[in-house]
Amino acid sequence: MKAFTALMHREFIEHKGAFFLGPMLLLAVLFGLTILAFTVGRVDVHLSGALFTVAPLIIYEMGFFGLGFAWSLYLAVTLFFYCADGFAADKRNNAMLFWKSMPVTDFKILLSKLTAAVTILPGVVFGLALLSGVLLFGVAFATMSINGTASVGTLGAIAGIYGNVALTLFTALIAALLWYLPVMALVGAIAAAIGRWAIPIALLLPTLISTLEWVTLGGLHPFATNTWRFLQYRLAVPQTDYVDTWFAAAETATSGRLGVPRFDGVAASGEVLASLDWAQIGIGIVFALAAIYLASEYRRRVNDN
Amino acid sequence: MNELTLDPAPPSGEPIVSARGLRKSFGRKEVLHGLDFDIPAGRIYGLIGHNGAGKTTALNAMLGLTDCQGTIRVLGEDPFARRAKLMENVAFISDVASLPRFLRVRELFALLSNIHPNFSQDKARGFLEGTDIKPEMKVKHLSKGMIAQLHLAVVMAIDAKLLVLDEPTLGLDITYRKRFYRRLLEDYMTEERTLLITTHQVDEIEFMLSDIMFIRDGDLVLHMQMETVNDKFTQLVVTDPAQLASARALKPVFEETRFGQTVLIFDGVPRAQLEPLGALSTPTLSDLFVALMQRPTANAEPAR
C-alpha cells in the first residue's frame, strides 16, 4: 500500500502543472478579476446595487454553481489529456526501464495512474474550486458589507449556501468520476499502447465501433445503431431533476421574484446518487480493471523505452 | 555453438543466474541461439559483444523485461513471470538515461524509500556527499555525468544481490567513467553481491572483472574466469620474419600486423613453446575481443 501511495504521489508530482499550478494560476487570475470587478465599480452597478438588494443570496448560489461548472470543464479536459498522455509518460520520458527496475508490477503502476486520476488529481482541483468559492464569496460579502446590504445573518446564510453547493458539487464529482471511470481507463489503456495517438483514437473510437456495427449488421446509417445509442447513453452527463427544477426557479428569481427556496445540497446529492445507473457503474469498474490489466500485460511484454 | 568454456570456480550454492537453451527471436530473426550459462554469487562478470550481438537481449531476459524460450532463473525465480518480486534483490542501470527527469533528487529518494523495500535513503545521500548534486536539484537540470552519478548512488543504495549495468558509462568522459567504476568497487561490491556489466570500453573494466562472457551473433563464444584467460591465451609479438612460419604452425587464433611487427594470439599453446619465437605477454581484453569476435562479414581483414 505504501508503494501504491508513493506511485500515486509521483503522478501528482509529474502532473503538478495541470492539476495544481495551472488551477492555482487560474485561481489567482479569478481572484484578481473579482477584486477588480468589485473595486472599480463594474460589478457594483449590476450586482451590488439593486440586484444584491433584491435577490442577493441567489447570486451566491448561481455564482458558485457557475464556478463549479467552469472547474468541472477544466477538470474534464485535464483528466482526458492526463489519461491520454500520462499513461504513456514513462515511455515518453525514457523512464520506462527505471520504473521496471522497481519491485512493482506494471499492473500496479497503471492502476496507480488510474487511481490518481479519480482521487488526488481531481481532489486537488476540487479543493482549489472550493477555495475559489471562498474567495468569490469573501469579496462579494465584503462589498455587500461596505454598501450596507450584509449582516451577520447574511454571513450565516452564505455559509449555508456554500456548504450546500459544495456538497452537491462534491457528490456530482464523485458520480461523474465513477460514471466516466471506464472511459478514463480505456483512454489510458490505449495510451499505454500507442502513446499520444490515444487522443484522436479515443475521440474516433465511438464512431469507428458504431460504423463497424452498421457495416456488419446493417442499419439506416452509422449513427442509428445500438452501439451508438448505448454510447450516447453511457457518455452523457448524469443529470437530476432537482438541479434542473431549482435552476428554472432560480432564473425566475433573478428576474425579480423573491421567495425561491434555498438550494438543498443533501436533497440534490441524494438525487444525483439516485439518478445513477449503478449496474452500469459496476460494469464500468469491471471494464476499467480489465482494460488496465490488458494494458499492463502489453506494457510488460513490450519493452521499448 | 563455438563456445570455449572452462568451468568457473564451483559455486558455493545455487547460481545467481542460470540459463539453459535461452533463445529469443524478433519476428523471424533469432537473436539468441540457445545460451547455456551459470553465474555464481560474488563474481564480477563482463558481458562483452558487438552492437547487436545480443547482450542487451540477454540482459533483458535476466531482468524479466522480455519473454524468451528455454529456461532462465535468477535467484531461483523465473524473471519474466516474477519480475516485480525479483527486483527486490536485483538492481539495474539500463543503457539509456532512465531516471525520471521531472523529479527533484530529494523527491526521487523519498519515493524510492516508499517503493523499494531495500532502498536506503541515508546510503543514497551518503554516496552523493562530495558531489555537486544537491537534494533540491531536478534530474532534468543535471549534466549527463551527474545523472550517472545519481543513478549509481540510487542502485548502490539498494541492498541487492545482483547488480546489472548495461553500458552504464555511455557518453561519459574518462574522469567520470573511472570514478564510476572505482566507486562501485570500493563502496558496493561484497562477497555476497554479484555484478554483471556490459560495455564497449572493455579496457576500463578489465581490472575489476572476475569472469568474462563474449557473445557474438547470439552465441556465447567465451565464458571464462579472468585467471584462466590469462593462463589460456598468450600474445606473441614476432619481430623476426624468419620465426613467423614457426609461429603460424602453432595455429594462432588471431594475427595482425602492427607497425611492422606481427602480433599473434594463441589459445592453449604452452608458453615454453612460444618463448623462442618472440616477446610474450597476456593479451588485453580488447585484444582478445578483436581476436575472438571478428565476423567475416564485418571485417575486411579476417583473422587467419
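Which angle between 0 and 90 degrees, to the nearest 10, do you get for helix A:265-275 versus the longest principal axis of chain A when only C-alpha atoms count?
Once rounded, the angle reads 30 degrees.
Amide H to amide H, which residues 5 or more places from B:ILE48 or on other chains are under 5 Å from it, using H placed in the peptide plane?
So B:ILE48 has HN proximity to B:MET213, B:PHE214, B:ILE215.
Provide the percentage of antiparallel DSSP beta bridges, counting only those with both residues in chain B; round to the nearest 5. Could you put the intermediate results ahead of the total?
On the way: 36 of 56 bridges.
About 65 percent, rounded to the nearest 5.
Under a 10 Å cutoff between Cα atoms, tell me which one of A:GLY219, A:GLY32, A:GLY63 has the largest fluctuation in the Gaussian network model of chain A.
Checking each option, the largest mean-square fluctuation is seen for A:GLY219.
Where does helix A:120-146 land angle-wise versus the long Cα axis of chain A, in degrees 0 to 90, nearest 10?
10 degrees
If I take every Cα pair under 8 Å that is 6 or more residues apart in region B:83-169, average their sequence separation and divide by the length, what percent do I get for the relative contact order?
Answer for region B:83-169 is 50 percent.
Between A:SER275 and A:VAL302, take the C-beta separation as r, use R0 = 45 Å, and let me know the FRET efficiency to the nearest 0.05.
Working: r = 41 Å, r/R0 = 0.91.
E between A:SER275 and A:VAL302, to the nearest 0.05, is 0.65.
Please report the antiparallel percentage of the DSSP beta bridges confined to the protein assembly as shown, to the nearest 5.
Of the beta bridges lying entirely in the protein assembly as shown, close to 65 percent run antiparallel.
Taking every residue in A:86-93, how many Cβ atoms of other protein chains lie within 10 Å of its Cβ, on average?
Details: counts 0, 0, 0, 2, 2, 0, 0, 7.
Average neighbour count from other chains, rounded to a whole number: 1.
Counting each DSSP H run of 4 or more residues in chain A as -39500 (n - 2.57), what helix-only mean residue ellipticity at 222 nm follows after dividing by all residues, to the nearest 500 deg cm²/dmol?
On the way: 15 runs with 244 residues, N = 305.
Rounded to the nearest 500, it is -26500 deg cm²/dmol.
Among B:LEU108, B:ILE48, B:PHE80, whose Cα sits farthest toward the positive end of the charge dipole of region B:4-225 (+1 at Cβ of Lys/Arg, -1 at Cβ of Asp/Glu, about the Cα centre)?
So the residue we want is B:LEU108.
Lysines near B:LYS55 by alpha-carbon distance under 17 Å, same-chain residues fewer than 8 away left out - which ones?
B:LYS24, B:LYS29
Each residue of region B:139-145 in turn: what ³J(HN,Hα) in whole Hz from Karplus with 6.51, -1.76, 1.60 and θ = phi - 60°, glycine and Pro shown as x?
4, 5, 9, 8, 6, 4, x
Can you give the relative contact order of chain B as a percent, counting alpha carbon pairs under 8 Å and 6+ residues apart?
So the answer I get is 21 percent.
Nearest 10 degrees is fine. How inclined is helix B:105-115 to the longest principal axis of chain B, computing both from alpha carbons?
Between the helix axis and the principal axis of chain B, the angle is about 90 degrees.
Count the lysine pairs in region A:2-301 whose Cα atoms sit under 15 Å apart, keeping only pairs 8 or more residues apart in sequence or on different chains.
Here the count comes out as 6.
Normalise the Debye intensity by I(0) for region A:2-301, one equal point scatterer per Cα, no solvent, then take log10 at q = 0.09, 0.12, 0.15 Å⁻¹ and round to two decimals.
Debye output, listed in q order: -0.56, -0.89, -1.16.
Any read-out appearing in this document is the output of simple, stated calculations on the displayed coordinates, not a laboratory observation. Bear in mind the structure is a predicted one, so any value in this text is a computation, not a measurement. Reconstructed Cβ throughout: ideal geometry from the backbone, glycine too, with neighbour counts over all protein chains shown.
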